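Notes follow the structure.
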Amino acid sequence: MTNVRNRPARSNASWIASSLVLVVITVAVAWFAFGIVTSTPIGTGSGTSPGASTSPAAPAAPVHQAYQIYLTINANPANGWPQYTPANFSVPSGTLVEFVITNYDNGSSPVAAQYAQVNGTVGNTMTLNGTQTVHSVNPNVVAHTFTFMSGAYAGFNVPIPVAAGAGGSPTVVTFQAYFNQTGTFTWNCMAPCGSGPMSTPGFMTGTLTVL
Ligand SMILES: [Cu+2]
């Protein structure tokens, strides 16, 4: 009986003792950590210890710090021609620009191999539907391109694959690029998607103005 009665008392006593030790250790660790974070020298007189020289890590940069341009490719309701909307737009120079091109056109216009390559973007890559980052696509699945044939950005090319299906979900192409030279530059679609839209400003050709 006495053992049974005493056991809880001993347990309580040892629990309190353990807790006190834990509290002391916690305070000591916290004090030491605070010393590191605030660069307070700990027992070394002056100067900072090697561990104290780094500032706390900056928070991760937001995913979308870039200037964004949203373009849509769809059939013009009046004449049915495929059309970039908008076709004329401006970006700031020397700034990371992110393009988001949403293509609803499910008809392919196969291109020569060079126009199936991504060229001139950051990393010479683009991302498809937010999931797949590629340097090129199959030339046979290209519906349109976003291409500069002349001027400061000559050679810049992004192939736009066909949309998934008729009336279905679009294909979304994202890429990032820097445009460091100011001026107004004509872009073209180099996929043979129609002589009318390809030669008519506001459809498959337009201007990028770098301010
Ligand atoms: Cu086109």
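We did not get these values from a lab; they are worked out from the coordinates using the rules stated. Values in this document were obtained by computation on a predicted structure and should not be read as measured data. With ideal geometry, Cβ positions are generated from the backbone for all residues, glycine too; neighbour counts draw on all protein chains shown.
Points worth noting:
- Computed extension length for VAL100-GLN68: 10.8 nm, one decimal, from 0.36 nm per residue of separation with the Cα-Cα distance subtracted.
- Euclidean distance between Cα centres, the stretch 140-157 to the stretch 103-139, Å: 10
- Annotation: peptides 180-193, 120-133, ranked by per-residue average of other Cβ atoms within 10 Å with the highest first, follow the order 180-193, 120-133.
- Inter-label distance, nm, simple model (7 Å from Cα along the C-beta direction), ASN124/TYR178: 1.7
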